[in-house]
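The values are calculated or read from the model by the stated rules, or taken from the named source; none is laboratory data. Predicted model, so just to flag it, every value in this text is computed and none were measured. Here the Cβ is made from the backbone with ideal geometry for all residues, glycine too, and neighbour counts use every protein chain on show.
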Amino acid sequence: MKVITILFLALICAGVYFSSGLMPSESGAQDLTEIKVYPNPFKPKLGHTKITFENLKAGSAIRIYSCTGKLIWEKQYTTASKEFWYADNTSSQKVAAGIYTYVIIAPDGVRTVGKVAIAR
């Protein structure tokens, strides 16, 4: 009999619990504690135009998931230490207000997971 273990990160969205299948990393070659994501919360009414991901390692990937776990935006293979998300989806449509989960994957596979709030 083959046993498969799957780790899940429980997230909350409008009072509903679900499993995303994402697991945050606690260690790795890149010091993930140096990554900064701002502004958080993101408020266009205050003049915010983009969310900045700073102190990335070149070659990292950024993925943004909705509160239902759907991948809505992705940046593969960053070339700079700073990347921007304009609070839109892959079709360039502005996303709704809510809590979004970001996953940053370093070239060595180390992952960090966080949340960003969008207030429209």
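Of everything in the stretch 84-98 that is more than 16 Å from HIS48 (Cβ to Cβ) and in contact with a strand residue (DSSP E or B) (Cβ under 8 Å, 6 or more places away or on another chain), the residue that is surrounded by the fewest Cβ atoms within 10 Å (Cβ to Cβ) is THR90.
With the requirement that a residue be assigned to a loop (DSSP other than H, G, I, E, B) and surrounded by fewer than 17 Cβ atoms within 10 Å (Cβ to Cβ), what does the stretch 99-120 give you? PRO107, ASP108, GLY109, ALA119, ARG120, listed by residue number. Beta carbons closer than 6 Å, at least 6 apart along the sequence or on distinct chains, pair a first residue in the stretch 89-103 that is within 12 Å of VAL116 (Cβ to Cβ) with a second that is aromatic (Phe, Trp, Tyr) and not in a loop (DSSP other than H, G, I, E, B) for THR101/TYR65. Listed by first and then second residue, the pairs with beta-carbon distance under 6 Å, at least 6 apart or on different chains, first residue in the stretch 41-70 and within 11 Å of ILE118 (Cβ to Cβ) and of a type in the set (S, T, N, Q), second at pLDDT 95 or above and in a strand (DSSP E or B), are SER66/ILE72.
Yes/no per residue for (1) under 11 Å from GLU83 (Cα atoms); (2) in contact with a Leu (Cβ under 6 Å, 6 or more places away or on another chain); (3) not in a strand (DSSP E or B):
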position: VAL37; (1), (2), (3): yes, no, no
position: ASN40; (1), (2), (3): no, no, yes
position: LEU56; (1), (2), (3): yes, no, yes
position: GLY59; (1), (2), (3): no, no, yes
position: ILE62; (1), (2), (3): yes, no, no
position: THR68; (1), (2), (3): no, no, yes
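Matching residues to (1) more than 19 Å from PHE42 (Cα to Cα); (2) among the aromatic types (Phe, Trp, Tyr); (3) at pLDDT 95 or above:
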position	(1), (2), (3)
ALA58	yes, no, no
ILE62	no, no, yes
LYS70	yes, no, yes
THR78	yes, no, no
SER81	yes, no, no
ALA87	no, no, yes
ALA96	no, no, yes
THR112	yes, no, no
